[in-house]
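To start, the structure under review is shown below, and the notes come after it.
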C-alpha cells in the first residue's frame, strides 16, 4: 500500500461537469486562495471523502491554474468511493486533498510517445497528450472503450489528429495492442493506463520486446487490490503496487 502523504490542502469543490456515461469531472480550488503545488502529467491526488475513505484520482490537468481537476467514473462494484463523490459531494463541499504525487511521470523528451488508455484510464493519459501537444512533441494516442457513451473527452479527441478511438462493440473486437506496439517507431516510449485485462495484454506485448526504461503502466484498482486495501494506482512496474 502506498503511504498517505502528511501534507494536505483544504479545498472546495467548485465545479462538476458531465464527461461520459456515469463519469464526471470534479474541479477543486483552495478554500483560502493560497497557491497550491503544480503537478506534472501522470500525477494523482488523494481525496479524503465524507464517508471516511481516502481515494487516489489522477489529475486531468497539471494544476498550474491553481486548481485540481479529476475525472471519476461511478464503480458499481466498488467499495463506495466513487459513489460517494457522485451522490454525496456537491458543489461547495469542502474536502481535504493530499498534495500531488507522481508515480507515472511523463518523459517529455522522448523521440516518440505511444499513449494507450482504456475506459477511465484516459484521465492521466489525456493530461500527457495535452502536454505533448503543447510541446510540439511526436506522439499518438489510442483510446479503447466498450461503448461510445463511455468515451471521455469525445469532442476533444475527435479534433486531435494524433488520437484514435476504438469502440469494442462497434469494432467487434478489443484494441490490438500487439499491432500498434509493433508498428511504433523505434525508441518510442509507451504509457498505458486502464483496467487489469488491458494492462495484462500491454505487458505481454512489451515484455522482452521493448526496453523496460521505455515502458510505463498505470493500474486502475482491481477487485483484488481493493480487497487488499491498495490505494495506489500508478507505477512503472504494475506488480509493485499489488
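We did not get these values from a lab; they are worked out from the coordinates using the rules stated. Nothing here was measured: the structure is a model prediction, and the numbers come from that model. Counting neighbours? That spans all protein chains shown, and the Cβs are built from the backbone with ideal geometry, glycine included.
A few comments on the model shown:
- Crossing angle, helix 196-206 versus the chain [Cα axis fit, 0-90 degrees, rounded to tens]: 40
- Cα Rg, Dmax, segment 82-156, angstrom units: 15.4, 44
- Counted over segment 68-123 with a bin width of 10 Å, the fraction of Cα pairs per bin, in whole percents, is 15, 38, 31, 13, 2.
- Size descriptors for segment 1-97, from the alpha-carbon set: Rg then Dmax equal 12.6, 37 Å.
- Span from the segment 80-136 Cα centroid across to the segment 1-78 one, whole angstrom: 9
- Segment residue 134-residue 79, extension gain: residue separation times 0.36 nm, minus the distance between their alpha carbons: 16.1 nm
- Only DSSP H runs of four or more residues enter the estimate; each adds -39500 (n - 2.57), and after division by the residues of the chain the mean residue ellipticity at 222 nm equals -5500 deg cm²/dmol.
- Normalising the Debye intensity of the chain to I(0), with uniform scatterers on Cα atoms only, and taking log10 at q = 0.09, 0.18 Å⁻¹ returns -0.36, -1.51.
- Convex hull of segment 42-106 built on C-alpha atoms - directionally averaged projected area, nm²: 4.8
- Set of segment 16-60 residues, backbone N closer than 11 Å to the point 7 Å along the Cα-Cβ line of residue 88: 49-54
- Sites residue 51 and residue 156 - FRET efficiency at Förster radius 25 Å, r taken between beta-carbons, to 0.05: 0.20
- Considering every alpha-carbon pair of segment 18-161, the percent of pairs per 10 Å bin, from zero through the bin containing the longest distance, is 11, 40, 36, 12, 1.
- Cα-based helix-to-principal-axis angle, 122-135 vs the chain, degrees rounded to 10: 70
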